[in-house]
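Worksheet: one structure, shown below.
Just so it is clear, none of the values below were taken in a lab; they were calculated from the coordinates. Quantities reported herein were computed from a predicted structural model and do not represent experimental measurements. All Cβ positions, even for glycine, are placed from backbone atoms using ideal geometry, and neighbour counts span all protein chains on display.
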Amino acid sequence: MLEAYGTAIATLFQPINLLILFAAVIVGLIVGVIPAIGGLATLPLILPFIFRMPVEIALILIVGFHAVIFTSSGMTSILLNIPGTAPSAATMVDGFPMTRKGEGGRAIGAAVTSSMAGGVLPVFLALAMVPLVLPLIIALGQPEMAILILLGISFLAALTGGSAIKGLMAGMLGLLLSFIGYHTITGVHRFDFGAAALYDGIELIPLALGLFGLSELFYLIMKGETAIAQRAIAKLSGVMEGVKDVWRHRWLWFRSTIIGYVIGIIPGIGAEVATWVCYGQAKQTSKHPEKFGKGAVEGVIAPEAADNAKEAGAMLTTMALGIPGSSVMALFLAAFLMVGVTPGPAMMVEHLPLALTLLLGIALANIVGGVICLLAAPQLARVASVHFDFLFPGILIVAMIGVYVATLSPMNFATVLIFGIVGLVMKLYGYSRPALLLGFVLGGLFERYSLLSIKIYGPLFFLRPIPLAMLIVMALLLSYPYLKRGITSLRGRYSQP
Amino acid sequence: MINMIKKFAVITGVLLLVVVIAAAGCPAATEPTTPADFYKGKTIDFAVAQSPGTCADLISRIIASHLGNGTGASVIVANRAGAGGLEGMNYVYKARPDGLTMGTVASAKFVGNSVLSDPAAVYEIEKFSYIISIDRQSYYFFVSPEGPYQSVADLQAGKDLKLGGGSPSGSVCLGGLTVIKLLGLDARVITGFGSESERALAVEREELIGYCLNMPNARASVEAGMVKPMFVLATERDPLTPDVPAITELVSLSDQDLALVRLWGTALVGSTLCIASPGIPEDRLAFLRDLADGWTQDEGFRAEIDAVSGYEVQSYVTGEELAVAMLDTVANLDDFQAIFIELIEKYRA
């Protein structure tokens, strides 16, 4: 084993491999920071080039590129209220308010550090976890997935903002919107009015871009403001404060990393589930839940840790078991096969030095990517103070190009605009936009897994041991703040003389 | 100094405007005389009706790369996999007949939509311009290597069995329905599994007893030891897996059932079809077909196809042969349509 580690380190630190890794990290960071464009849109462009490359170089290129996309994708969420990738949408809820308060640098510092560390820890967990991964995946069938997603949906309560009724209404609207399009279980076309553009439903990225990014800009302009933040702290000290925040909330970071990692290794569960579940648990367990949604740094740390940990978990499952959990991971698997390496348990034995090289490559890519982002953060944070006359057209053009490249559908321009207006109305009348987004993201997944569960296990699927245990944990988690309050009040009553 | 910059900007702007107007308004100096000249410097819009990362997607990208080299055109590849690939199929069908919109489709889904008369499929398969077909992957029935169903007799003795499907009108679902009919199983096909790994894991968890799929797409699951092939849905064994029997070796079938199995050996196979929009000029179609025939002789091209397929691909069908085969398929569509619609009503959960 030690010999394999030695070989892996020697391979990774060859100048050409380091150079490739560095270049891949730079490209990955750029891809992550461009709104709407993620690995799914860009990995297919890289694949044709790796055919004739040596195996190590080809795979280091792919691994390095993909490992850091989520490190930088939180930046646009924080600075512009525009998600770089779909899972980073959860970061907007508290990241953007921090920018408005002039704490953009601190938010980026916290996001990047949390994300970087969240990507590194799973690598070191990986080898210990490999024997446990398959039994865990096997244990989580359709009913368990349905309940896990229900747990995510239950966090709607944590995202309702001021009015619970309005929050739930927004969440329900999100659920309804998620039902549009071709139903993958029954084959029925729902609510698409015969329009081909709606066969696959509404796309997440244009919806999120409109609902948050565009509507926020409309709102600020309506209010007569000239920039996102009147003062954007553009000093490294502000960024370092964010780094320290991660240390202050290290247990939250650790919990979110583990949750993200576990969700990441489960095939078929949406990447967005990880970030929203972690955001929800951060609020549920916080001493100051009232600060969430108004710029709480914990609301940035939790989803960012989960985002990268989830991706590291998915990559490791693909490599160690040959089971791709998402479309991006299917591309990843294809890249391995194209260069003649078959991922799976045999790879961890027959190609152990290569597997270790890639694992260490993921860790190194995260560190390099994180350091680059931290160094660039003070300058990037200045974006928040750019005058709207320049910022608005710039954002609009880049976002629209991103939407088109990612979805190839001009119809999505209309989606961005429509949800920009919907988002503005919601903001003006106090309806929670994160609740709508959460309902939209998880509604389709919950419907699919619950229907599959009913077809396989019958309508009482939730009475199986693991789902039942999960439901009990969920009930405890949701009632935790009330229980805590009750216990404190009882203590107070009985401790009085 | 500022005046100079202003003047420079105005002059540059006027010049640019003149160039743009000239480029837009003037006809080309010379009309291309041959298809080879026509394609040089043009842009080909190449729609892949498959999700990124699938075997067919990778094959499509190899085709696109060689198409660009062979024509001198820029080939823009885009995955249009919406609604189970219908988006890409409809897109190519509705494109202008100039030979600049092409794409790839998975044969089984492409034909399956016509078999089921999917209302969202606006195309007629016999009207496309066919360039080449790559590979001919038979469909297998996969089961758990250690589960209770290791033979046809085990399956026939089982009650309320559950087979996995993907899209409700997709080839995985239709394959499962075919197996139920041919073996006379007490079973249903459960659709809605998003990916191959989800289906294989459901078999591993014993939520499903098996499913139909072609070998390249199931390869990762087979190599991970989650599933194994029980038989091939064809009248003969697949040279790729000589040890796996054909279904006809395991059960005796009626003439109608045999015709159904043959459909799985012809039109409903896992092939990647390269197509162009209907009605493109004959000389351009002939040029594209000659180009594609050349690829099949090119060792580099074949090596790339073999690399992404995971084995040596033997079957390359020319555009002319493919067009004839599609006409044959269309001639028999009505018979199969009735069978599959009945199977869906009876056995799809």
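How big is the gap, in Å, between the Cα center of the range B:270-333 and the Cα center of the range A:12-28?
Value for the Cα centre distance between the two parts: 39 Å.
Quickly rank A:385-392, A:169-176, B:51-58 as a protection proxy: mean count of other C-beta atoms within 10 Å, highest first.
B:51-58, A:169-176, A:385-392
From the Cα gyration tensor of the range A:58-158, with a ≥ b ≥ c the square roots of its eigenvalues, which class applies: rounded if a/c is under 1.5, or else prolate if a/b is larger than b/c, or else oblate?
Because a/c hits 1.5 or more and a/b fails to exceed b/c, the range A:58-158 counts as oblate.
Under the definition of partner shielding as Cβ atoms of other protein chains within 10 Å of a residue Cβ, what is the mean value for peptide B:52-65?
4
Which order do A:Met338, A:Met92, A:Met222 fall in if you start with the one that has the fewest other Cβ atoms within 10 Å?
With the sparsest Cβ surroundings first, the list reads A:Met222, A:Met338, A:Met92.
In a Gaussian network model over chain B where Cα atoms closer than 10 Å are linked, find which of B:Val111, B:Val152, B:Val172 has the largest mean-square fluctuation.
Its mean-square fluctuation being the largest, the pick is B:Val152.
Count, for each residue of A:329-337, the Cβ atoms from other chains sitting within 10 Å of its Cβ, then give me the mean as a whole number.
Taking all residues of A:329-337 together, the mean is 5.
Using alpha-carbon positions, what is the distance between the centroids of the range B:78-93 and the range A:371-413, in Å?
Using only Cα atoms, the two centres lie 29 Å from each other.
Plugging the Kirkwood radius over Cα pairs into Stokes-Einstein for chain B, at a temperature of 37 °C and a viscosity of 0.692 mPa s, what D comes out in µm²/s? The partial results should precede the final answer.
On the way: Rh = 21.9 Å.
For the chosen part, D equals 150 µm²/s.
Over chain B, with a Gaussian network built from C-alpha contacts below 10 Å, which listed residue (B:Val324, B:Val143, B:Val244) shows the highest mean-square fluctuation?
Fluctuation is largest for B:Val324.
About its Cα centre, what dipole magnitude does the range B:39-185 give when the only charges are +1 on Lys and Arg Cβ and -1 on Asp and Glu Cβ, stated in debye to the nearest 20?
For this selection, approximately 320 debye.
Relative contact order for the range B:183-329: what percent, with Cα pairs under 8 Å and sequence separation of 6 or more?
Value for the range B:183-329: 14 percent.
Counting other beta carbons within 10 Å of each residue's own, what order do B:Glu320, B:Glu345, A:Glu272 fall into, fewest first?
B:Glu345, B:Glu320, A:Glu272
Would you give the gap between the C-alpha center of the range B:249-266 and the C-alpha center of the range A:435-497, rounded to a whole Å?
After rounding, the separation between the Cα centres reads 51 Å.
Based on Cβ point charges of +1 for Lys and Arg and -1 for Asp and Glu, what charge dipole magnitude is obtained for the range A:2-487 about its Cα centre, in debye rounded to the nearest 20?
Numbers: 26 positive and 21 negative charges, 249 e Å.
Rounded to the nearest 20 debye, it is 1200 debye.
Which of B:Lys109/B:Lys181; B:Lys40/B:Lys94; A:Lys244/A:Lys291 have a Cα-Cα distance over 22 Å?
B:Lys40/B:Lys94
Within 10 Å of each residue's Cβ, count the other Cβ atoms and sort B:Met102, A:Met315 from fewest upward. Walk me through the intermediate numbers first.
Numbers: B:Met102 24, A:Met315 29.
Ranking B:Met102, A:Met315 by Cβ neighbours within 10 Å, fewest first, gives B:Met102, A:Met315.
Cβ neighbours within 10 Å, averaged per peptide: list B:39-48, A:353-362 in order, most packed at the top. Mind showing how you got there, number by number?
On the way: B:39-48: 19.2, A:353-362: 23.7.
Final packing ranking: A:353-362, B:39-48.
Do the sum for the protein assembly as shown: with -39,500 (n - 2.57) for every DSSP H run of n ≥ 4, divided by all residues, what is the mean residue ellipticity at 222 nm, to the nearest 500 deg cm²/dmol?
When only DSSP H runs of four or more count, the value is -20500 deg cm²/dmol.
State whether the range B:299-349 is rounded, prolate or oblate according to the following rule on the C-alpha gyration tensor (a ≥ b ≥ c being the square roots of its eigenvalues): a/c under 1.5 gives rounded; otherwise a/b larger than b/c gives prolate, and the remaining case gives oblate.
Taking the square roots of the gyration eigenvalues as a ≥ b ≥ c, the range B:299-349 is oblate.
Return the Rg/Rh value of the protein assembly as shown, two decimal places, where both radii are evaluated on C-alpha atoms and Rh is the Kirkwood radius.
Rg/Rh: 0.98.
Give the aspartates and glutamates reachable from B:Lys162 as a straight Cα distance under 15 Å; neighbours fewer than 8 places away on the same chain don't count.
In chain and number order, the partners are B:Asp154, B:Asp186, B:Glu198, B:Glu204, B:Glu206, B:Glu207.
Percent relative contact order of the range B:139-267, based on C-alpha pairs within less than 8 angstrom and at least six residues apart?
Details: 223 pairs, mean separation 39.5, N = 129.
Here the relative contact order equals 31 percent.
Determine the shielding of peptide B:196-208 by partner chains: average, over its residues, the number of Cβ atoms on other chains within 10 angstrom of each Cβ.
What the average comes to for B:196-208 is 5.
Residue by residue, what Karplus-based ³J(HN,Hα) values in Hz, rounded to whole numbers, does the range A:468-483 have, using 6.51, -1.76 and 1.60 with θ = phi - 60° and x for Gly and Pro?
After applying 6.51 cos²θ - 1.76 cosθ + 1.60, I find 5, 4, 5, 5, 5, 4, 4, 4, 5, 4, 5, 8, 3, x, 6, 4 Hz.
Can you bin chain A into rounded, prolate or oblate? Criterion: square roots of the alpha carbon gyration tensor eigenvalues sorted a ≥ b ≥ c, rounded for a/c under 1.5, prolate for a/b above b/c, oblate for the rest.
Note, shape of chain A comes out rounded.
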